[in-house]
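So the structure is just underneath, and the comments pick up after that.
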Amino acid sequence: MRTGLVFGLALVAALLTGAARAEVKMSGSFVADATCPATQAIKSGKNPGDISTDAGQSYELLAGNKDAPTHYLIRVPGADPERRWVKVDCGHVSGGSASTAAPVPTEGDKSAAPVSGKPEYVLALSWQPAFCETRPGKTECKAQTAAGFDATHFTLHGLWPQPNGNFYCQVAAADKANDNPAHWQDLPPVELDPNTRSELDRVMPGTASDLERHEWIKHGTCYGKSQQVYFSDALNLMRAVNASPVRDLFAKNIGKQLTSDQIRSAFDSAFGAGAGERVRVSCLVDSTSGRRLIGELTLGLTGPIGPSSRLGDLMQAAAPTSKAGCPKGFVDSTGFQ
(Lines give C-alpha, C1' and ligand atoms only; values in the text may rest on other atoms or scores of the structure.)
Protein backbone atom coordinates (compact mmCIF):
# COMPACT_ATOMS: atom_id res chain seq x y z
CA MET A 1 0.00 0.00 0.00
CA ARG A 2 2.76 2.37 1.02
CA THR A 3 4.76 1.47 -2.09
CA GLY A 4 1.77 2.26 -4.27
CA LEU A 5 1.30 5.60 -2.54
CA VAL A 6 4.94 6.55 -3.05
CA PHE A 7 4.74 5.53 -6.71
CA GLY A 8 1.58 7.55 -7.15
CA LEU A 9 3.12 10.64 -5.57
CA ALA A 10 6.21 10.25 -7.75
CA LEU A 11 4.04 9.98 -10.84
CA VAL A 12 2.14 13.14 -9.91
CA ALA A 13 5.41 14.98 -9.30
CA ALA A 14 6.74 13.86 -12.66
CA LEU A 15 3.58 14.99 -14.40
CA LEU A 16 3.73 18.35 -12.65
CA THR A 17 7.35 18.76 -13.63
CA GLY A 18 6.51 17.94 -17.21
CA ALA A 19 3.67 20.43 -17.14
CA ALA A 20 5.98 23.09 -15.78
CA ARG A 21 8.40 22.44 -18.64
CA ALA A 22 5.61 22.61 -21.21
CA GLU A 23 6.09 26.39 -21.40
CA VAL A 24 9.37 28.27 -21.30
CA LYS A 25 8.69 31.88 -20.35
CA MET A 26 9.72 34.47 -22.93
CA SER A 27 9.40 38.22 -23.27
CA GLY A 28 9.23 40.79 -26.03
CA SER A 29 6.96 40.82 -29.07
CA PHE A 30 6.22 38.30 -31.81
CA VAL A 31 5.97 40.01 -35.20
CA ALA A 32 4.08 37.95 -37.77
CA ASP A 33 5.69 37.75 -41.20
CA ALA A 34 2.74 35.84 -42.63
CA THR A 35 -0.89 34.85 -42.04
CA CYS A 36 -0.72 31.70 -39.92
CA PRO A 37 -3.17 29.72 -37.77
CA ALA A 38 -3.09 30.77 -34.10
CA THR A 39 -4.23 27.65 -32.28
CA GLN A 40 -5.33 26.93 -28.74
CA ALA A 41 -3.35 23.67 -28.72
CA ILE A 42 -0.28 22.55 -30.63
CA LYS A 43 -0.98 18.84 -31.10
CA SER A 44 -4.70 18.95 -31.84
CA GLY A 45 -4.60 22.19 -33.81
CA LYS A 46 -7.83 23.27 -32.09
CA ASN A 47 -8.56 26.84 -33.18
CA PRO A 48 -11.71 28.41 -31.68
CA GLY A 49 -12.82 31.28 -33.86
CA ASP A 50 -10.49 30.22 -36.69
CA ILE A 51 -7.92 32.82 -35.56
CA SER A 52 -4.89 33.71 -37.69
CA THR A 53 -2.03 36.17 -37.35
CA ASP A 54 -1.90 39.26 -39.55
CA ALA A 55 1.32 39.80 -41.50
CA GLY A 56 3.27 42.70 -40.02
CA GLN A 57 1.29 42.78 -36.78
CA SER A 58 3.02 42.55 -33.41
CA TYR A 59 1.74 40.36 -30.58
CA GLU A 60 2.78 40.04 -26.95
CA LEU A 61 5.15 37.07 -26.61
CA LEU A 62 4.43 34.88 -23.58
CA ALA A 63 6.42 31.65 -23.91
CA GLY A 64 7.95 28.97 -26.08
CA ASN A 65 6.88 25.34 -25.98
CA LYS A 66 10.43 24.25 -25.00
CA ASP A 67 13.99 25.58 -24.67
CA ALA A 68 14.49 25.44 -28.45
CA PRO A 69 10.88 26.21 -29.37
CA THR A 70 8.99 25.04 -32.41
CA HIS A 71 6.00 27.18 -31.36
CA TYR A 72 5.52 30.49 -29.58
CA LEU A 73 2.68 31.29 -27.20
CA ILE A 74 1.32 34.76 -27.96
CA ARG A 75 -1.58 36.90 -26.84
CA VAL A 76 -4.12 37.69 -29.59
CA PRO A 77 -6.41 40.52 -28.41
CA GLY A 78 -10.08 39.76 -29.07
CA ALA A 79 -9.61 36.01 -29.49
CA ASP A 80 -11.30 33.61 -27.08
CA PRO A 81 -9.10 32.43 -25.50
CA GLU A 82 -6.46 35.10 -26.17
CA ARG A 83 -3.46 32.80 -25.50
CA ARG A 84 -2.57 31.12 -28.83
CA TRP A 85 0.25 29.03 -30.27
CA VAL A 86 1.95 29.85 -33.58
CA LYS A 87 4.84 28.16 -35.39
CA VAL A 88 8.18 29.93 -34.95
CA ASP A 89 8.69 30.22 -38.71
CA CYS A 90 5.52 32.33 -38.97
CA GLY A 91 7.43 35.44 -37.87
CA HIS A 92 10.23 36.84 -35.76
CA VAL A 93 10.80 37.98 -32.19
CA SER A 94 11.47 41.65 -31.47
CA GLY A 95 12.97 42.75 -28.18
CA GLY A 96 12.94 40.76 -24.97
CA SER A 97 13.93 37.16 -25.57
CA ALA A 98 15.37 37.67 -29.04
CA SER A 99 15.56 40.30 -31.74
CA THR A 100 16.89 40.58 -35.26
CA ALA A 101 16.54 42.84 -38.27
CA ALA A 102 18.47 40.69 -40.72
CA PRO A 103 18.89 36.99 -41.50
CA VAL A 104 21.04 35.41 -38.79
CA PRO A 105 22.21 31.93 -37.77
CA THR A 106 19.89 29.65 -35.85
CA GLU A 107 18.70 31.18 -32.58
CA GLY A 108 20.73 30.03 -29.64
CA ASP A 109 23.86 29.33 -31.72
CA LYS A 110 26.03 31.66 -29.65
CA SER A 111 29.26 30.38 -31.20
CA ALA A 112 28.24 31.22 -34.76
CA ALA A 113 30.15 34.04 -36.43
CA PRO A 114 28.28 36.87 -38.18
CA VAL A 115 27.51 36.07 -41.80
CA SER A 116 29.60 38.99 -43.12
CA GLY A 117 32.68 38.17 -41.04
CA LYS A 118 32.41 41.69 -39.57
CA PRO A 119 30.67 42.67 -36.34
CA GLU A 120 26.92 42.93 -36.83
CA TYR A 121 24.31 44.68 -34.71
CA VAL A 122 20.65 45.60 -34.52
CA LEU A 123 19.69 49.10 -33.37
CA ALA A 124 16.13 49.08 -32.00
CA LEU A 125 14.19 52.35 -31.93
CA SER A 126 10.90 52.72 -30.09
CA TRP A 127 8.00 55.09 -30.73
CA GLN A 128 7.21 55.57 -27.06
CA PRO A 129 3.56 56.71 -27.25
CA ALA A 130 2.66 53.42 -29.01
CA PHE A 131 4.60 51.38 -26.46
CA CYS A 132 2.76 53.15 -23.65
CA GLU A 133 -0.67 52.49 -25.18
CA THR A 134 -0.09 48.80 -24.49
CA ARG A 135 1.74 49.24 -21.15
CA PRO A 136 0.06 52.20 -19.40
CA GLY A 137 1.13 51.01 -15.96
CA LYS A 138 4.86 51.49 -16.63
CA THR A 139 6.47 54.30 -14.63
CA GLU A 140 7.78 56.04 -17.73
CA CYS A 141 4.35 55.87 -19.38
CA LYS A 142 2.58 57.46 -16.44
CA ALA A 143 5.05 60.35 -16.71
CA GLN A 144 4.52 61.00 -20.43
CA THR A 145 3.58 64.52 -21.51
CA ALA A 146 2.87 66.09 -24.88
CA ALA A 147 5.87 68.40 -24.36
CA GLY A 148 8.28 65.58 -23.55
CA PHE A 149 11.16 64.46 -25.75
CA ASP A 150 9.56 61.06 -26.28
CA ALA A 151 6.36 62.59 -27.66
CA THR A 152 8.06 63.60 -30.93
CA HIS A 153 11.37 61.71 -31.07
CA PHE A 154 12.48 58.11 -31.34
CA THR A 155 13.65 56.55 -28.11
CA LEU A 156 16.30 53.92 -27.54
CA HIS A 157 15.26 50.34 -26.96
CA GLY A 158 18.67 48.79 -27.42
CA LEU A 159 21.83 48.08 -29.39
CA TRP A 160 22.11 44.32 -29.86
CA PRO A 161 25.26 42.48 -30.95
CA GLN A 162 24.51 39.69 -33.39
CA PRO A 163 24.06 36.85 -34.20
CA ASN A 164 20.72 36.31 -32.58
CA GLY A 165 21.19 34.42 -29.34
CA ASN A 166 24.41 36.27 -28.49
CA PHE A 167 23.24 37.11 -24.98
CA TYR A 168 24.53 37.25 -21.37
CA CYS A 169 28.27 37.14 -22.00
CA GLN A 170 30.08 36.15 -18.79
CA VAL A 171 27.03 37.08 -16.71
CA ALA A 172 26.56 35.61 -13.24
CA ALA A 173 23.72 33.11 -12.91
CA ALA A 174 22.03 35.26 -10.25
CA ASP A 175 21.97 38.29 -12.56
CA LYS A 176 20.62 36.23 -15.44
CA ALA A 177 17.88 34.90 -13.15
CA ASN A 178 16.91 38.46 -12.21
CA ASP A 179 16.61 39.54 -15.83
CA ASN A 180 12.86 39.91 -15.99
CA PRO A 181 10.97 43.20 -15.62
CA ALA A 182 9.82 42.41 -12.08
CA HIS A 183 13.44 42.16 -10.90
CA TRP A 184 15.38 44.58 -13.11
CA GLN A 185 15.92 46.79 -10.04
CA ASP A 186 17.91 43.90 -8.56
CA LEU A 187 20.39 43.89 -11.45
CA PRO A 188 23.72 45.71 -10.97
CA PRO A 189 23.46 49.46 -11.64
CA VAL A 190 24.90 50.89 -14.85
CA GLU A 191 27.77 53.32 -14.12
CA LEU A 192 27.93 56.27 -16.53
CA ASP A 193 29.38 59.75 -16.47
CA PRO A 194 26.82 62.46 -15.53
CA ASN A 195 26.35 63.80 -19.08
CA THR A 196 25.78 60.36 -20.58
CA ARG A 197 23.42 59.41 -17.76
CA SER A 198 21.39 62.59 -18.30
CA GLU A 199 21.11 62.00 -22.04
CA LEU A 200 20.27 58.32 -21.59
CA ASP A 201 17.46 59.13 -19.16
CA ARG A 202 15.96 61.40 -21.81
CA VAL A 203 16.49 59.19 -24.87
CA MET A 204 15.67 55.92 -23.07
CA PRO A 205 12.59 56.70 -20.91
CA GLY A 206 12.59 53.07 -19.80
CA THR A 207 15.46 53.88 -17.42
CA ALA A 208 12.62 54.81 -15.05
CA SER A 209 11.94 51.04 -14.98
CA ASP A 210 15.66 50.08 -15.04
CA LEU A 211 15.60 49.13 -18.72
CA GLU A 212 19.27 50.09 -19.07
CA ARG A 213 20.24 47.44 -16.52
CA HIS A 214 18.44 44.78 -18.58
CA GLU A 215 19.94 46.00 -21.87
CA TRP A 216 23.46 45.91 -20.43
CA ILE A 217 23.14 42.47 -18.82
CA LYS A 218 21.57 40.83 -21.84
CA HIS A 219 23.18 42.65 -24.77
CA GLY A 220 25.83 45.10 -23.61
CA THR A 221 27.91 42.39 -21.95
CA CYS A 222 28.44 40.95 -25.44
CA TYR A 223 29.53 44.32 -26.91
CA GLY A 224 33.14 43.91 -25.82
CA LYS A 225 33.46 47.41 -24.38
CA SER A 226 32.65 49.26 -21.17
CA GLN A 227 29.19 50.39 -20.09
CA GLN A 228 30.19 53.99 -20.81
CA VAL A 229 31.30 53.21 -24.37
CA TYR A 230 28.35 50.91 -25.08
CA PHE A 231 25.71 53.47 -24.18
CA SER A 232 27.67 56.38 -25.68
CA ASP A 233 27.84 54.55 -29.02
CA ALA A 234 24.10 53.81 -28.91
CA LEU A 235 23.29 57.45 -28.11
CA ASN A 236 25.47 58.66 -31.00
CA LEU A 237 23.44 56.52 -33.41
CA MET A 238 20.19 57.74 -31.87
CA ARG A 239 21.21 61.38 -32.42
CA ALA A 240 21.68 60.66 -36.11
CA VAL A 241 18.18 59.19 -36.44
CA ASN A 242 16.50 61.97 -34.47
CA ALA A 243 18.28 64.65 -36.53
CA SER A 244 17.14 63.06 -39.80
CA PRO A 245 14.16 63.23 -42.16
CA VAL A 246 12.97 59.96 -40.61
CA ARG A 247 12.16 61.69 -37.34
CA ASP A 248 10.62 64.60 -39.28
CA LEU A 249 8.36 62.17 -41.14
CA PHE A 250 7.06 60.73 -37.89
CA ALA A 251 6.68 64.09 -36.13
CA LYS A 252 4.67 65.52 -39.04
CA ASN A 253 2.37 62.50 -39.20
CA ILE A 254 1.39 62.04 -35.55
CA GLY A 255 -2.18 60.77 -35.55
CA LYS A 256 -1.89 59.63 -39.16
CA GLN A 257 -0.83 56.42 -40.85
CA LEU A 258 2.55 55.71 -42.43
CA THR A 259 3.49 52.77 -44.64
CA SER A 260 6.69 50.77 -44.39
CA ASP A 261 7.51 52.01 -47.92
CA GLN A 262 7.32 55.64 -46.73
CA ILE A 263 9.52 54.86 -43.74
CA ARG A 264 12.10 53.01 -45.80
CA SER A 265 12.13 55.82 -48.36
CA ALA A 266 12.84 58.33 -45.58
CA PHE A 267 15.83 56.22 -44.52
CA ASP A 268 17.06 56.24 -48.13
CA SER A 269 16.83 60.03 -48.17
CA ALA A 270 18.57 60.36 -44.82
CA PHE A 271 21.28 57.71 -45.03
CA GLY A 272 21.73 56.85 -48.69
CA ALA A 273 20.02 54.70 -51.31
CA GLY A 274 19.43 51.20 -49.99
CA ALA A 275 19.51 52.13 -46.30
CA GLY A 276 15.76 51.58 -46.12
CA GLU A 277 16.21 47.93 -47.08
CA ARG A 278 17.95 47.44 -43.73
CA VAL A 279 14.89 48.59 -41.77
CA ARG A 280 12.11 46.43 -40.36
CA VAL A 281 8.88 47.95 -39.00
CA SER A 282 7.01 46.40 -36.07
CA CYS A 283 3.47 47.31 -35.07
CA LEU A 284 1.38 46.94 -31.91
CA VAL A 285 -2.37 46.65 -31.64
CA ASP A 286 -4.18 48.92 -29.20
CA SER A 287 -6.70 46.53 -27.63
CA THR A 288 -9.02 49.44 -26.74
CA SER A 289 -9.37 51.06 -30.15
CA GLY A 290 -8.16 48.25 -32.38
CA ARG A 291 -5.71 50.61 -34.09
CA ARG A 292 -2.46 49.21 -35.45
CA LEU A 293 0.34 51.41 -34.09
CA ILE A 294 3.94 51.63 -35.28
CA GLY A 295 5.84 50.58 -32.18
CA GLU A 296 9.42 49.90 -33.20
CA LEU A 297 11.97 50.13 -36.01
CA THR A 298 14.93 47.77 -36.08
CA LEU A 299 17.97 48.69 -38.17
CA GLY A 300 20.58 46.22 -39.36
CA LEU A 301 24.17 47.48 -38.94
CA THR A 302 27.54 46.01 -39.94
CA GLY A 303 31.03 47.18 -39.06
CA PRO A 304 32.92 48.40 -36.00
CA ILE A 305 31.01 51.10 -34.11
CA GLY A 306 32.95 54.00 -32.63
CA PRO A 307 32.53 57.70 -31.75
CA SER A 308 33.03 58.76 -35.39
CA SER A 309 30.94 56.01 -37.01
CA ARG A 310 28.32 57.17 -39.49
CA LEU A 311 24.95 55.48 -39.21
CA GLY A 312 24.50 55.49 -42.99
CA ASP A 313 27.78 53.65 -43.52
CA LEU A 314 26.88 51.03 -40.93
CA MET A 315 23.46 50.47 -42.52
CA GLN A 316 24.81 50.33 -46.07
CA ALA A 317 27.29 47.65 -45.04
CA ALA A 318 24.57 45.43 -43.56
CA ALA A 319 22.62 42.74 -45.39
CA PRO A 320 19.10 43.78 -46.51
CA THR A 321 16.26 42.46 -44.38
CA SER A 322 14.11 39.73 -45.85
CA LYS A 323 10.87 41.63 -45.20
CA ALA A 324 9.79 45.16 -44.33
CA GLY A 325 7.51 43.93 -41.54
CA CYS A 326 4.34 45.80 -40.69
CA PRO A 327 2.92 47.26 -43.94
CA LYS A 328 1.34 50.32 -42.29
CA GLY A 329 0.31 51.72 -38.94
CA PHE A 330 -0.59 54.87 -37.04
CA VAL A 331 2.00 57.19 -35.53
CA ASP A 332 0.57 57.45 -32.04
CA SER A 333 0.37 60.60 -29.94
CA THR A 334 0.94 60.81 -26.20
CA GLY A 335 -1.96 60.01 -23.92
CA PHE A 336 -4.09 56.90 -23.64
CA GLN A 337 -6.86 56.53 -26.20
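The values are calculated or read from the model by the stated rules, or taken from the named source; none is laboratory data. Remember, it's a predicted structure, so these values are computed and weren't measured experimentally. Methodologically, a virtual Cβ is constructed for each residue, glycine included, from the backbone with ideal geometry; neighbour enumeration extends over all protein chains shown. In case anyone asks, the SASA skips ligands and DNA or RNA and just uses the protein heavy atoms, side chains included. Shrake-Rupley method; radii C 1.70, N 1.55, O 1.52, S 1.80 Å.
Model label points for A317 and K118, set 7 angstrom from Cα along the Cα-to-Cβ axis, are 0.3 nm apart.
If you take the C-alpha gyration tensor of the chain, multiply each eigenvalue by 5 and take the square root, what semi-axes do you get, largest first, in whole Å?
On the way: eigenvalues 226, 117, 82 Å².
Semi-axes from the Cα gyration tensor: 34, 24, 20 Å.
Sorting the segments 251-260, 228-237 by their mean number of nearby beta carbons within 10 angstrom, highest to lowest, gives 228-237, 251-260.
Ordered from largest to smallest accessible area (heavy atoms of protein chains, 1.4 Å probe), the residues C222, C132 come out as C222, C132. Remark: the K43-D80 segment gains 11.5 nm on full extension, using 0.36 nm per residue and subtracting the alpha carbon distance.
Between A147 and A172, how high is the FRET efficiency from 1/(1 + (r/R0)^6) when r is the Cβ-Cβ distance and R₀ = 51 Å? Nearest 0.05. Show your work: numbers first, answer last.
On the way: r = 41 Å, r/R0 = 0.80.
Taking R0 as 51 Å, the efficiency between A147 and A172 is 0.80.
Restricting to Cα pairs below 8 Å that are 6+ residues apart, what does the relative contact order work out to for the chain? Please round to a whole percent.
Numbers: 688 pairs, mean separation 64.6, N = 337.
Answer for the chain is 19 percent.
Remark: spin-label model distance T70-R310 equals 4.9 nm, labels positioned 7 Å along the Cα→Cβ axis.
Could you grab the Rg to Rh ratio for the stretch 254-337? Cα atoms only, Kirkwood for Rh. Please report the intermediate quantities before stating the final value.
Working: Rg = 14.4 Å, Rh = 13.7 Å.
Reported Rg/Rh (Cα atoms, Kirkwood Rh): 1.05.
Ligands, DNA and RNA excluded, the heavy atoms of R75 present near 80 Å² of accessible surface to a 1.4 Å solvent probe. The Cα-based radius of gyration and maximum Cα-Cα distance (Dmax) for the stretch 155-286 are 16.5, 46 Å. Any chance you could check the Cα centroid distance between the stretch 161-223 and the stretch 50-92 for me, in angstrom? Comparing the Cα centres of the stretch 161-223 and the stretch 50-92, I get a distance of 26 Å. One decimal place: the segment A251-A182 gains 21.6 nm when fully extended, by the rule 0.36 nm per residue minus the C-alpha distance. The largest accessible area among C169, C36 belongs to the first residue in C169, C36, and the rest follow in falling order (1.4 Å probe, all chains). Near the amide H of A63, within less than 5 Å, lie the amide hydrogens of M26, L73, all on another chain or at least 5 residues away, with H placed in the peptide plane.
Probe radius 1.4 Å, ligands and nucleic acids ignored: give me the carbon and sulfur share of the accessible area of the chain as a rounded percent. Before the final figure, lay out each step's value.
Numbers: 8340 of 15300 Å².
Whole-percent figure for carbon plus sulfur exposure: 55.
Of all complete DSSP H helices in the chain, those with a Cα span along the helix axis of 18 Å or greater and a mean Kyte-Doolittle hydropathy of -0.5 or more are 2-20, 227-242.
Heavy-atom accessible surface of D210, to the nearest 10 Å², is about 30 Å², with a 1.4 Å probe and all protein chains retained. Shown are H153, H219, whose ranking by accessible area with a 1.4 Å probe and every protein chain present, most to least, is H153, H219.
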